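The values are calculated or read from the model by the stated rules, or taken from the named source; none is laboratory data. In this text, all values refer to a predicted model and were calculated from it rather than measured experimentally. When we count neighbours, we look across all protein chains shown, and the Cβ atoms used for this are built from the backbone with ideal geometry, even at glycine. Keep in mind that these areas ignore ligands, DNA and RNA; they rest on the heavy atoms of the full protein, side chains included. Shrake-Rupley method; radii C 1.70, N 1.55, O 1.52, S 1.80 Å.
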Amino acid sequence: MFGYFCVMITDETIIALSTPPGIGAIGVIRLSGKEAISITNSVFSGKDLLQQESHTIHFGMIKDGNVIIDEVLVSLFIAPKSYTKENVVEISCHGSNYIIQQIISLLIRKGASAAKPGEFTLRAFLNGGLDLSQAEAVADLISSDSQAAHSVAMNQLRGGFSTELNQLREKLIHFASMIELELDFAEEDVEFANRDQLQALIDQITLVINKLIRSFELGNVIKQGINTVIAGRPNAGKSTLLNALLNEERAIVSEIAGTTRDTIEEVLNINGINFRLIDTAGIREAKDAIEIIGVEKTMEKISQSAVLVYLFDVINMSASEIKEDIAKLYKPGVAFLAVANKMDLTYNDRLAELDLPKDINFIAISAKENRQIDDLKQMLYETAVGDQLSDSHTMVTNIRHVEALQKTQHALAQVSNGMVNPVTSDFLATDIKQALYYLGEITGQVTTDDLLENIFSKFCIGK
Ligand code: GDP
């Protein structure tokens, strides 16, 4: 385990490979620290790097004595105009593991030290280049694998989310100081902090915080992908639908009831959101042991799913069977989509008999003939996401933030209580300070070494 027992900036100049390990066209080695430029200069043959301007790129050779290791491009960022606010050098070399290791070990011999995971970003944070939620956004950005996850992380990185919290925090600080002032004049029994205004501010902050907490659910879903279960009786056409959605012959389509025994997981991207599709082994009572496992898994998956797609065979199932299934599966509050399959065969009468509840999203398709599949995708998106994404600038995707927000919410409720059943100003002041403390934990005005260690140790080396 890499420890930050002493979370402060040392004089060391750190070095790491910043591109993924393995063979690539180029590899980028990054150095940060006071000596970054001079250490690089000591092995570089080309221009004198110490005489060059910030934000310039130079071609030359890295040499170990007389041995040429590689021809490289060196980018210079002179403090404080760099990611870490220190001198930063990025060496773009050829992407062979051998060359990269040779260059890194040479520079370590010349005085650099190997960076710990996340240490570049830690330095950026400690030097005031990023706040904590932005630093975490860097980690998210690096790992984002869908357009939506990328734009949420990018938003957070650009500070949208911290700005909102900081504005709220400032307002609270104002009230905290007014109440502190009352403490100084305790004998006179004056109120500098208008209680109605304070209550109004608390209501306003609580509203924003609640919204942020709620956004976590969706934010998290965007980061992880939306768990989507396709459930239906054997032969409803689940495997065929999965293939149609993915345009590939992934699941085994079979005429024999109950052959899709294992759950199969595939990812489908709709409008930039990843849906994790889980094909399942029918919801009919299972007859043999293998299928029981499959069915148990199905029920387990259904309970963990964010969206449930119920697929039914509109030709071979009776209306009462379909209704029975829907009654079993549909729970208000869970995103639910009923899909009638095999519309290529006649089905009109059956649908009229069904008389589905109005609040259930419904669509008829033909999985086999690829009809209405795009409409189904669009409906799936609307069922799961709806218009919730328009609020993406205030999206929370981090469990640590949610915890801090919940604690803030609790402290604010205490402040409110303290005004309804009046308590002395010093109690109010204490509760407000608690709220300020938790808000500050999110953006990093309040940090402890443990917290920093926890966050930055999750990064990979070179970030
Ligand atoms: P599963 O058991 O729910 O996975 O069902 P399958 O995908 O294996 O399909 C069962 C049978 O129904 C296969 O013979 C499919 O070709 C057929 N089938 C699936 N979708 C359609 C459809 O839209 N129209 C028709 N006519 N047949 C379909």
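Measuring from a point 7 Å past the Cα of Asp11 along Cα-to-C-beta, which residues in segment 30-63 have an amide N at less than 18 Å? Answer for this model: 32-40. Applying the Karplus relation 6.51 cos²θ - 1.76 cosθ + 1.60 with θ = phi - 60° to segment 367-378 yields 3J(HN,Hα) values of 5, 5, 9, 6, 9, 6, 5, 5, 5, 4, 4, 4 Hz, where x marks Gly and Pro. Here the simple spin-label model places points 7 Å from the Cα toward Cβ, and for Gln101 and Ser45 these points are separated by 2.5 nm. Between amide H atoms placed 1.01 Å from N, distances below 5 Å from Ser18 occur with Val28, Ile29, Arg30, all of them 5 or more places distant or on a separate chain. Here's how it looks for Ile69: its modeled amide H is under 5 Å from those of Ile62, Lys63, Asp64, which are all 5 or more places away or on a different chain. The phi-based Karplus calculation (6.51 cos²θ - 1.76 cosθ + 1.60; θ = phi - 60°) puts the 3J(HN,Hα) values of segment 95-106 at x, 8, 4, 4, 4, 4, 5, 4, 5, 5, 5, 4 Hz, whole numbers, x for Gly and Pro.
3J(HN,Hα) along segment 435-442: 4, 4, 4, 5, 4, x, 4, 6 Hz, from the Karplus curve 6.51 cos²θ - 1.76 cosθ + 1.60 with θ = phi - 60°, whole Hz, x for Gly and Pro. The protection proxy used here, the mean number of other Cβ atoms lying within 10 Å of each residue, ranks peptides 111-117, 370-376, 432-438, 50-56 as follows, highest first: 432-438, 111-117, 370-376, 50-56. For segment 1-120, with all protein chains in place and a probe radius of 1.4 Å, 59% of the accessible heavy-atom surface sits on carbon or sulfur. Available extension along the chain between Asn417 and Glu191 is 79.6 nm, counting 0.36 nm per residue and deducting the alpha carbon span.
In a fully extended conformation the segment linking Ile57 and Leu351 would gain 99.0 nm over its present Cα-Cα distance, using 0.36 nm per residue. Residues whose amide H falls under 5 Å from that of Ala364, counting only those 5 or more places apart or on a different chain, are Ala340, with hydrogens built in the peptide plane.
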